[in-house]
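The values are calculated or read from the model by the stated rules, or taken from the named source; none is laboratory data. All values reported here derive from a predicted model rather than from experimental measurement. We place every Cβ from the backbone using ideal geometry, glycine too, and count neighbours over all the protein chains shown.
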Amino acid sequence: MKNETPTTEVLENMREKGIDVDLSLSILEKFNRGDFDHLRPVAVSEMPDVDGTTVLDFTGNPTIRLHTELAGRRLGDLLPKDIVSQLENLATRREGADVVFERAALQELGLLLMPRVAYGVLNGGSATSYADSTKNRTFSEELFTLLEDTFHRMSEVSRGRAKGLTPAFVQPDGSFGPSFLELKMRNLLVTARRSRTLLEARSPGSSKTLPDPLLPLFQMTSVHTDAQLAERYAEYRSSPLLSRLMDETGLDPTRALSAVQPMICAYTHSDEGRPKRVFARAWGRENETLPLPGGHGQSFAVLSDIYRRLADDGKRFVYLGNVDNLGAVPDPVEVAYLALSGKQAGFDFAYKTPVDVKGGVLVYDQEGRLNCADIGPAVSKEDVRTAEEAGKPILFNAATGLFNLEYLVPNLEAIARDLPTRFSDQDKDAGRYSQAEQVTWEVIGMLDDFLVFSVSKWDRLLAAKLLCETLMTSGIRTDDPAYPQGDDPSSDLRSTARRLHGGLADKLANEYAMRLADDRWEPV
């Protein structure tokens, strides 16, 4: 089906809005040609649970057993030779010709492996939708009313800024805490220091010959946030959370490797039929286009050069996660398990709670494959609700992936090409249009040898899709009788907020090396 060529005025408006014209028209051509016609919403044949083979319980004592020689081969080019030669001393125990690693041993092994790991964030979006009053009221009118004063104070400092630069929580004294990115950078420094200390104890002098643990930080930004982020990172070098650790370690997480995600245009609503065209009546104005991100799934194309550079520089594993999840920090246990297993990747999923409304769930699809189905674009809300009402456990995507670069780098082009592009119709202030997106975590359906880590939400999924969720995690007014609650734990917001807040306090004290003094969390 032939495209209708946009007018000169429309093309000029696209360029003025920072829209990548060639990419936008390429997607449009593929749609009208029928390249996406085979894509259908993921049909849920079953909601999987922990099976001990692919879906592993990581809330307790994860254990892996393998032949000593195989373990040595898989770690041989990742660790100093004197550590690999004494591998049995790292393992929990030896059983015949095998070595067994349980949590404590995996934790130590993972710290030793951190020089082979880099950490990245999907950092493109602004906080406008996050702080939108209507969206937050829709989540819970009762909660919004109770927390409205704090909501408006925080929305004022968040709206229009890159999401990662907004306050990650509200301090117990009512002031705003550090940003998501400032905290993540602190965690990288804290973990890197722990890694180096352990390496020096196990193999003196080896830390000087290995890549920097967990660094460089890498990120996908957008044309609207890239400059803002770079400016703030320069300021972070004098941050009380970072400056002392930077001096002690000689490491600088603020010098991030960045790749900018292009904007694409909106397209005409499906009600207007085919061929689909460029949407050029935004806000009712003639020749007015609408720039939109093409989904975080574009990261496989956008970050491809960075992934290749990291592999060339001696990195073997990369973490990739959303910037707004304080639980998404490097986990040594996961790193060690993936290295020993030789798998392609590992992904965090946690059992769904009332606040987990935007994201994906783990399913067996119509082809019998494990897949991540995004609620809305890929799997209907009705299907999810039906499973919940039937009492089935639902593993919700924690938006954290750990990839083996030996698999990822050779397959980047195929993933970028074949990752589903899904169109969803929108009816918003700008008009009725359709949006094209690639969803990052649908990459799971393309892999054939991966792991799913079933983790505790209160540890690994302290996410903030809405500002009200951040206020819940901050523990604000959870003792107030007006706080929404219910007899059913699955819909009890008070209970959920208290558990989220407990997870935040534990994370701040341990992973972020903070302490609570005079009703404020401060760096130790």
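Only a single item in (1) outside the structural domain of Gln298 (by TED's automatic domain parsing); (2) touching a Lys or Arg at 6+ places or on another chain (Cβ under 9 Å) is not met by Tyr119, and it is number (1). Looking across segment 113-153, the residues that are assigned to a helix (DSSP H, G or I), among the aliphatic types (A, V, I, L, M) and in contact with a helix residue (DSSP H, G or I) (Cβ under 6 Å, 6 or more places away or on another chain) come down to Leu113, Met114, Leu143. Number of residues in segment 19-37 that are outside any helix (DSSP H, G or I) and surrounded by 13 or more Cβ atoms within 10 Å (Cβ to Cβ) equals 3.
When segment 69-97 is filtered for residues that are farther than 24 Å from Asp212 by Cα and either within 24 Å of the chain's Cα centre (by Cα) or crowded, with 16+ Cβ neighbours inside 10 Å (or both), the ones remaining, listed by number, are Ala91, Thr92. Anything in segment 333-353 that is in contact with a Lys or Arg (Cβ under 8 Å, 6 or more places away or on another chain) and either without any contact (Cβ under 8 Å) to a residue 24 or more places away in the chain or part of a loop (DSSP other than H, G, I, E, B) (or both)? List them, or say none. Within segment 333-353, Gly342, Thr353 meet the criteria.
Phe403: in the same structural domain as Asn325 (by TED's automatic domain parsing), over 30 Å from Asp271 (Cα atoms), at pLDDT 95 or above and buried (at least 23 other Cβ atoms within 10 Å of the Cβ), yes or no? Criteria met by Phe403.
Only one of the numbered conditions (1) surrounded by 24 or more Cβ atoms within 10 Å (Cβ to Cβ); (2) at pLDDT 85 or above is not met by Pro332, and that is (1). Taking Ser206, is it touching a residue at least 12 places away in the same chain (Cβ under 8 Å) and either touching a helix residue (DSSP H, G or I) at 6+ places or on another chain (Cβ under 7 Å) or more than 22 Å from Leu79 (Cα to Cα) (or both)? Yes, satisfied.
Residue check: Ala91 meets all listed conditions (1) outside the structural domain of Pro293 (by TED's automatic domain parsing); (2) within 30 Å of Ser474 (Cβ to Cβ) but one, namely (2).
The strands (runs of 3 or more DSSP E) found entirely in segment 156-270 include none that carry 3 or more residues being touching a Lys or Arg at 6+ places or on another chain (Cβ under 9 Å), surrounded by fewer than 19 Cβ atoms within 10 Å (Cβ to Cβ) and modelled with pLDDT under 95. Are any residues in segment 49-68 exposed (fewer than 14 other Cβ atoms within 10 Å of the Cβ) and either in a loop (DSSP other than H, G, I, E, B) or at pLDDT below 95 (or both), and if so, which ones? Those that are exposed (fewer than 14 other Cβ atoms within 10 Å of the Cβ) and either in a loop (DSSP other than H, G, I, E, B) or at pLDDT below 95 (or both): Asp51, Gly52, Thr53, Thr54, Gly60, Asn61.
Of all the criteria given as (1) hydrophobic (A, V, I, L, M, F, W, C); (2) without any contact (Cβ under 8 Å) to a residue 60 or more places away in the chain; (3) under 18 Å from Asp22 (Cα atoms), the one not satisfied by Met263 is (2).
Those residues that are out of contact with any His (no Cβ under 9 Å at 6 or more places or on another chain), farther than 18 Å from Arg137 by Cβ and part of a loop (DSSP other than H, G, I, E, B), I need them from segment 452-479; list them, please. Those that are out of contact with any His (no Cβ under 9 Å at 6 or more places or on another chain), farther than 18 Å from Arg137 by Cβ and part of a loop (DSSP other than H, G, I, E, B): Ser456, Leu461, Leu462, Ala463, Asp479.
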